[in-house]
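One structure, pasted below without further comment.
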Amino acid sequence: MLKYDRFTLENGLRVLFHKDTTTPLAVVNTLYDVGARDESEDKTGFAHLFEHLMFGGSINIADFDTPLQQAGGDNNAFTSNDITNYYEVLPANNIETALWLESDRMLSLAFTDKSLEVQRSVVIEEFKQRYLNQPYGDVWLQLRPLAYKEHSYKWATIGKELSHIENATMSDVKAFFKKHYSPSNAILCIAGNFELEEVKSMVKKWYGDIPSGVKYNRNLTKEPIQTDFREKTIERDVPANAFYYAFKMVDRMHPDFFTADTLSDALGRDKSSRLYLSLKKEQNLVSDISAYITGSLDEGLLVISGKLNEGVTFETFDKALWHELNDFQSKAISSDELEKIMNKIRTAKEFQDMGILNRAMNLCSYELLGDVSLINKESEIYHNITAEDIQRVAQSTLQKTCCSLLKVKAK
Amino acid sequence: MLDRTIQPELKAIDKIEFIAPIEYKITPVVSLYHMKDVPNETTRFDLYFDAGKCRGKNAMASFVNGLLLSGTKNKTSIEINNEINGKGGFYESGISQENSVISVYSLRENVLDIFHTLKDAIRNVSFIEKEVLEFLSDRKQGFNISLQKVNYLAQRAFQEELFHSNENYSKTTQLSDFDNVSIQDLKEFHAEFYLKGLAKVVVVGDLDEEIIQQFIDESKEFALTTKPQYAQNIQNNVGLKHIDKTNALQSAVRVGRILFNKNHPDYLDFLVLNTILGDYFGSRLMSNIREEKGYTYGIGTMVAELNNVGYFMVATEVGSDVKDATLREIKYEFDRLKTELVTSEELELVKNYMLGQLLKSADGPYAMTDLFISVELHDLDLEFYNKAILALNNISVERIQELAIKYLNWEDMSIVTAG
């Protein structure tokens, strides 16, 4: 049971406090309810570029990193298609430095031209390093627009193309800040060995006078139900043919979300999973194969990906995969198999809960879903999943008509 | 009215509590370390074998490490994996220059069952031909993918340059290695370095002594009886080497040299110099090459350690057009540390940062155990970290300059670029 307290400031900032008496460290985690899905199609990559700019100085503090390092802390941030998340980890007795820095950049940024110019080029190098200069690095840049036709999940967080980053202007940046970076669009979690009253007074002190901003009302174009099998082949200078079967799955709040997650585990989490055993160990068609979900807030993807062995054609593999998927749908998995999958889920969950940073991030994520108490129901939800549930979700998800297939062909 | 221009008052870290695991002797030279103080159901155990890359021919060490669960006369690889996964275990195997480490993460109720499965698998692995061929074919494909990455190409060449004077350490995987493996070679390596090569066991988890005793009793047959020997003196090959990869958008850069480890009197102070130069976000190299010039997504330096030696390295990936400019800037930052004293503000900042990081690396039983293992490797104990705090508090700006002059000479560096 994860313990927490929750309160809201008058300006709308939602705050969670997680007490941990065993650590000398404190975590300050800030989640902004904005991700790449909130960008407009001609200005993609913006949420992520903006994350970089958040380190370029705020209205009253020229440099973000130096004071935090002086306090013995460090920090990082990430942007996904759904959210932007920032955190600081530092000695608990210096927590106010983190609150000072984090609240000042919620108040306003410095918006210097130099910062924009440099971070533009840093992000362009990141684009190259992660997506363009790696074998199979551009797969998600190709797969997203294949699987999503209308919804803004069709572009990756790094953006559709380099030019969107190159052309970002200061007025774009300022407008983005105004729209998304305010107490009413943020969730703060503080974790460490503090008392609730102490946390309340510190948070009030640093965040209480920040204007609430306008609550951003998301109105994204809904992805129409996919009714046709989609397929795309790209040729790249890579050593092996690779495949990515992406199936549409339910959104994060749907009751079947965790069942779909368990389904992906059953299919391809490890060397005991169905697809690994049949397609690799029995038939030797692939060098590796795995299945996983994107876990996104709106309708997500269940992906089966891997690489073909030399001499195996896409057609041969395709036939074998569908045979396996159909077989999986035709009868429920045994209770023994289910128990084994659940054992693995339990281990993973128990290890995730070891880390204080993980707990703080997780609390913010659940608050974003609208009900932080769900965090303590997760284990029970997994526990109650039956073999029949998995079969039912397999039947509705593993359909050719909701599948998008990307093939990477070796040149 | 709140004055937001003023940083809240900073408090110093006065004390860090270091907790050592309990040591049990398996043989006079092999110990089991148990960290019991875990607040939940999680456990991890690590088996260290004297079966690192420096042992055996070619890529033999890496192949045997990867084949440990490939099956015995009585059990297939599928059955072994099924037993571990079915009990909720996460198996990891890794290899460094001098060690092969097998780790399993699980819940404590399953730890013994998994250990038994693993022990049987490792002891009786029979290198079934079908499994070996499949494994080599997968690895070869993975290797070919790696060869497309400038980062991998640079790191591989850097290893060759760094450990240049000692062939056992400088050898790297070659394509031909995959075609020249005999089952007999694998078996011989396994017999020499696994069946009689256990160097250390680490167990983290709230486990009873009886369970620990079983680990001890059942590990005994594998344990080393004499201390293994590792390279003492290694010289790196100085100068520039370029690995060509046409059409690469970015070039990977490595600059470094052989250095010392925790047993050397300059070690602790050099860590401070290393941090100033490139081991935190506000470092000289990050400020110059990322934040000032935008050449890269990231650049960093590190000090790494082996049993008897260590090394220092700068690593980055930069736009291919600014590769040479980056090398010039790295040299410039070396020289600046040699010719100009760092300011006391900068030193103060780095000290505070490093203390905070030390606090973080001592937080929780898993981190604490790893911190302990990194001194145990050099026959030191946790007192080392109290000395580190003292050293941090006493270091001067002159001392930083002295170490820069002594160790950061461009002429002493192995420099590798790929792209």
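Computed from the coordinates by the stated procedures, all read-outs in this text should not be read as laboratory data. If you're wondering where the values come from, they're calculated on a predicted model, not measured in any experiment. FYI the Cβ positions are ideal-geometry reconstructions off the backbone, even for glycines, and counts take in every protein chain you see.
Through the Karplus equation 6.51 cos²θ - 1.76 cosθ + 1.60, θ set to phi - 60°, convert the phi angles of the range B:159-170 into ³J(HN,Hα) values in whole Hz; use x for Gly and Pro.
Calculated HN-Hα couplings, in order: 4, 5, 6, 5, 9, 3, 7, 10, 4, 5, 8, 8 Hz.
Work out from phi, with θ = phi - 60° and the Karplus expression 6.51 cos²θ - 1.76 cosθ + 1.60, the ³J(HN,Hα) of each residue of the range B:248-258, listed in order in whole Hz, and give x for Gly and Pro.
6, 6, 10, 10, 9, 10, 10, 9, x, 7, 5
Please identify every one of the GluC sites (Glu not before Pro) in the range A:115-168 that sits in a loop by DSSP and has no more than 15 other beta carbons within 10 Å of its own beta carbon. Spell out each step's value before the answer.
Numbers: sites: A:GLU117, A:GLU125, A:GLU126, A:GLU150, A:GLU161, A:GLU166; in loops: A:GLU150, A:GLU161.
When the GluC sites (Glu not before Pro) of the range A:115-168 are filtered for loop state and at most 15 Cβ neighbours within 10 Å, A:GLU150, A:GLU161 remain.
Net charge within 12 Å of B:ASN288 by Cβ-Cβ distance, Lys/Arg positive one each and Asp/Glu negative one each, not counting B:ASN288 itself?
Once positives and negatives cancel, what remains is +2.
Whose amide H sits under 5 Å from the amide H of B:GLY298, counting only residues 5 or more places off or on another chain, with H placed in the peptide plane?
So B:GLY298 has HN proximity to B:GLU317.
Measure nothing but the geometry: give the 0 to 90° angle between the long axis through the Cα atoms of B:209-219 and the longest principal axis through the Cα atoms of chain B, rounded to 10°.
Helix B:209-219 sits at roughly 80 degrees to that axis.
I've got another one for you. Which shape class, rounded, prolate or oblate, goes with the range B:364-418 when its Cα gyration tensor gives a ≥ b ≥ c as root eigenvalues, a/c under 1.5 marks rounded, and past that a/b bigger than b/c marks prolate?
Working: a/c = 2.90, a/b = 1.46, b/c = 1.98.
Verdict is oblate for the range B:364-418.
Now, a different point. Counting partner chain Cβ atoms within 10 Å of every residue's Cβ in B:83-92, what's the average?
Working: counts 2, 4, 10, 8, 4, 11, 4, 5, 2, 0.
Mean inter-chain Cβ contacts per residue within 10 Å come to 5.
Over the alpha-carbon set of chain A, work out the extent along each principal axis and list the three values in angstrom, largest first.
63, 48, 36
Let me ask something else. Count the net charge of all other residues whose Cβ sits under 14 Å from the Cβ of A:LEU141, scoring Lys and Arg as +1 and Asp and Glu as -1.
Working: positive: A:LYS128, A:ARG130, A:ARG144, A:LYS154, A:LYS160, A:LYS232, A:ARG236; negative: A:GLU126, A:ASP138, A:GLU161.
Charge balance near A:LEU141 sits at +4.
Once you sort the root eigenvalues of the Cα gyration tensor of the range B:143-287 as a ≥ b ≥ c, which label holds: rounded (a/c under 1.5), prolate (a/b larger than b/c) or oblate (the other case)?
Cα axes put the range B:143-287 in the oblate bin.
Check which residues have an amide H placed less than 5 Å from B:ALA51's amide H, if you skip close sequence neighbours.
Amide H to amide H, under 5 Å and 5 or more residues apart or across chains, B:ALA51 pairs with B:SER100.
Rounded if a/c is under 1.5, else prolate if a/b beats b/c, else oblate: with a ≥ b ≥ c from the C-alpha gyration tensor eigenvalues square-rooted, which is chain B? Provide the component values of the computation, followed by the final result.
Working: a/c = 1.96, a/b = 1.31, b/c = 1.49.
Note, shape of chain B comes out oblate.
Under 18 Å from a label point 7 Å along Cα→Cβ of A:LYS178: give me every residue in the range A:45-85 with its amide N that close.
What the label zone holds, given the 18 Å backbone N cut-off, is A:47, A:50, A:59.
Taking chain B as the reference, fit the longest principal axis to its C-alpha atoms, fit the long axis of helix B:383-394 to the helix C-alpha atoms, and give the angle between the two in degrees, 0 to 90, nearest 10.
10 degrees
If each residue of separation counts as 0.36 nm, what is the full-extension length gain between A:ILE59 and A:PHE314 once their alpha-carbon separation is subtracted? Could you put the intermediate results ahead of the total?
Details: separation 255, 0.36 × 255 = 91.80 nm, distance 5.56 nm.
Value of the extension gain: 86.2 nm.
Within 10 Å of each Cβ in A:22-33, how many Cβ atoms from other chains are there, averaged over the peptide? Walk me through the numbers on the way to the answer.
Numbers: counts 5, 4, 8, 6, 0, 0, 0, 0, 0, 0, 0, 0.
Per residue, the average neighbour count from other chains is 2.
Moving to a separate point now. If I model a spin label as a point 7 Å beyond the Cα along the Cα-Cβ vector, how far apart are those points for B:LYS57 and B:GLU348 in nm?
Each label point is offset 7 Å from its Cα along the Cβ direction, giving 6.2 nm.
Report the longest stretch of chain B that contains none of the GluC sites (Glu not before Pro) sitting in a DSSP loop with at most 13 other Cβ atoms within 10 Å. Walk me through the numbers before you get to the answer.
Values: sites that count: B:GLU9, B:GLU17, B:GLU340.
Longest gap between qualifying sites, sites excluded: B:18-339.
Still on this structure, I have one more. At a Förster radius of 22 Å, what calculated FRET efficiency corresponds to the Cβ-Cβ distance of B:ASN40 and A:ASN193, to the nearest 0.05? It would help to have the intermediate numbers written out before the result.
Details: r = 18 Å, r/R0 = 0.80.
Given R0 = 22 Å and the Cβ-Cβ separation, E is 0.80.
Here's something else I'd like to know. Using a basic spin-label model with each label point 7 Å from the Cα along Cα→Cβ, how many nm lie between A:PHE78 and B:SER146?
Between A:PHE78 and B:SER146, the simple spin-label model gives 2.4 nm.
Check the range A:5-207 and count each lysine pair with an alpha-carbon distance under 16 angstrom, considering only pairs eight or more places apart or from different chains.
Working: A:LYS19/A:LYS200; A:LYS43/A:LYS154; A:LYS43/A:LYS160; A:LYS43/A:LYS174; A:LYS43/A:LYS179; A:LYS114/A:LYS174; A:LYS128/A:LYS160; A:LYS149/A:LYS160.
Taking the range A:5-207 as the scope, the lysine pair count is 8.
Ok, one more. Label points 7 Å out from Cα along the Cβ direction at B:LYS241 and A:GLU41: separation in nm?
Spacing of the two 7 Å Cα→Cβ label points: 5.1 nm.
Moving on. Just how large is the dipole of the range B:22-222 about the Cα centre, in debye to the nearest 20, putting +1 at every Lys and Arg Cβ and -1 at every Asp and Glu Cβ?
In total the dipole reaches around 520 debye.
Just add up the charged neighbours of A:SER404: K/R +1, D/E -1, any other residue whose Cβ is under 9 Å from the Cβ of A:SER404. Let's see the in-between values first.
Numbers: positive: A:ARG230, A:LYS232, A:LYS248; negative: A:GLU231.
Residues close to A:SER404 contribute a combined charge of +2.
Compute the acute angle (0 to 90°) between the alpha-carbon long axis of helix B:129-146 and the principal axis of greatest extent of the alpha-carbon atoms of chain B; round to the nearest 10°.
Once rounded, one gets 10 degrees.
Near the amide H of A:GLU231, under 5 Å away, which other amide H atoms are found, from residues 5 or more places off or on another chain, if H is placed in the peptide plane?
A:LEU405
Let me check the size of the protein assembly as shown from its C-alpha atoms; what are the radius of gyration and Dmax in Å?
27.0, 78
Okay, next question. Provide the per-residue ³J(HN,Hα) series for the range B:195-205, in order, calculated from phi with Karplus coefficients 6.51, -1.76, 1.60 and θ = phi - 60°, each as a whole number of Hz, with x at glycine and proline positions.
Per residue, the Karplus-derived 3J(HN,Hα) values read 4, 10, x, 5, 9, 5, 10, 10, 10, 10, x Hz.
Return the FRET efficiency for the residue pair B:SER182, A:SER334: r is the Cβ-Cβ distance, R0 is 51 Å, and the value is rounded to the nearest 0.05.
Working: r = 41 Å, r/R0 = 0.80.
My answer for the efficiency is 0.80.
According to the Kirkwood expression over distinct Cα-Cα pairs, how big is the hydrodynamic radius of the range A:230-410, in Å?
On the way: mean 1/r = 0.0574 Å⁻¹.
Taking the inverse mean of 1/r over all distinct Cα pairs, the range A:230-410 comes out at 17.4 Å.
Only four residue types carry charge here, +1 at the Cβ of Lys and Arg and -1 at the Cβ of Asp and Glu. Report the dipole size of the range B:263-419 about the Cα centre in Debye, rounded to the nearest 20.
Working: 13 positive and 26 negative charges, 58 e Å.
Taking the Cα centre of the range B:263-419 as origin, the dipole is about 280 debye.
Could you give the size of the charge dipole of the range A:230-410 about its Cα centre, using +1 on the Cβ of each K and R and -1 on the Cβ of each D and E, expressed in debye and rounded to the nearest 20?
Using only the charged Cβ atoms, the result is roughly 440 debye.
Mind checking which of B:TYR105, B:ILE122, B:TYR169 is farthest towards the positive end of the range B:62-213's charge dipole, using Cβ charges of +1 (Lys, Arg) and -1 (Asp, Glu) about the Cα centre?
Checked the options; the winner is B:TYR169.
Given A:PHE55, A:GLN129, A:ALA71, which one lies farthest toward the positive end of the charge dipole of the range A:46-186, if we put +1 on the Cβ of every Lys and Arg and -1 on the Cβ of every Asp and Glu?
Towards the positive end, the residue furthest out is A:GLN129.
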